[in-house]
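Read-outs throughout are calculated quantities, based only on the coordinates presented, and are distinct from any laboratory measurement. Source: prediction; values computed, not measured. Note that each Cβ is placed from the backbone with ideal geometry, even for glycine, and that neighbours are counted across all protein chains shown.
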Amino acid sequence: MEAKATHRYIGSSPRKMRLVIDLIRGKSADQAMEILHFQPKHASKDAMKVLRSAIANMLNNEEASRIEASHLFVKEAFVNQGPTMKRILPAPMGRAYRVKKRSNHLTIIVATKE
């Protein structure tokens with residue numbers, strides 16, 4: 001059995017989020033929570049929020065009422081690119097530089113060990 005949680009339109013670039021998500025893919029849920037808790041990167045806060053949601057979704061299933069959180073692991077975790085906002089930054093000599101503010105969509109799927 002598995003459960004899924006998604007957080008869309010996160011205000012950081014997908015490249016920065018992937019650095020954090022690659023650390024927890026395939027780990028047990030408890031170990032992944034510890035890794036994210038002590039990770040200094042800002043993206044780890046959003047990743048921990050989604051992981052907690054996926055664990056809660058699994059525990060709230062009617063069929064999975066007897067499952068403990070210690071028996072779960074991160075089956076899949078992936079980051080997709082969200083919309084990019086284009087902004088203008090003033091530059092020297094009357095020019096303007098374009099700034100791309102990227103966003104991402106994070107999906108985490110947890111499953112039971114069988």
message: As an exercise, identify the trypsin sites (Lys or Arg not before Pro) in the stretch 16-75 lying in DSSP coil whose Cβ has no more than 11 other Cβ atoms within 10 Å.
response: Arg66
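Hey, what did the stretch 2-112 get for relative contact order, percent, Cα under 8 Å, at least 6 apart?
Working: 217 pairs, mean separation 47.2, N = 111.
The normalised contact order for the stretch 2-112 reaches 43 percent.
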message: Mean-square fluctuation check for the chain, GNM, Cα pairs under 10 Å: which of Ala47, Ala32, Ala69 is largest?
response: Ala69
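Grab the beta carbon distance between Lys49 and Val99, set R0 = 30 Å, and tell me the FRET efficiency rounded to 0.05. Numbers along the way, then the final one.
Details: r = 27 Å, r/R0 = 0.88.
The pair Lys49/Val99 has a calculated efficiency of 0.70.
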message: How would Leu59, Leu72 line up from fewest to most surrounding beta-carbon atoms within 10 angstrom?
response: Leu59, Leu72
Sequence-distant aspartates and glutamates (8 or more away, or on other chains) whose Cα lies within less than 18 Å of Lys4: Asp22, Asp30, Asp46, Glu62, Glu63, Glu68, Glu76, Glu114
- line: Exposure-ranked with fewest Cβ neighbours within 10 Å first, Glu2, Glu63 stand as Glu63, Glu2
query: When the convex hull of the C-alpha atoms of the stretch 2-112 is computed, what volume per residue in Å³ does it have?
result: 87
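Of Lys49/Lys113; Lys16/Lys113; Lys41/Lys100; Lys16/Lys49, which sit over 26 Å apart, Cα to Cα?
Details: Lys49/Lys113 22 Å; Lys16/Lys113 29 Å; Lys41/Lys100 21 Å; Lys16/Lys49 16 Å.
Listed pairs above 26 Å: Lys16/Lys113.
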- prompt: Of Thr107, Val50, Ser12, which is farthest on the positive side of the dipole of the chain, counting Cα position, with +1 on Lys and Arg Cβ, -1 on Asp and Glu Cβ, and the Cα centre as origin?
  reply: Ser12
field: Fewest-first sequence of Met58, Met93, Met17 by Cβ atoms within 10 Å of each Cβ
entry: Met93, Met58, Met17
- prompt: Given a Förster distance of 25 angstrom, what is the FRET efficiency for Glu2 paired with His37, based on the Cβ-Cβ distance and rounded to 0.05?
  reply: 0.60
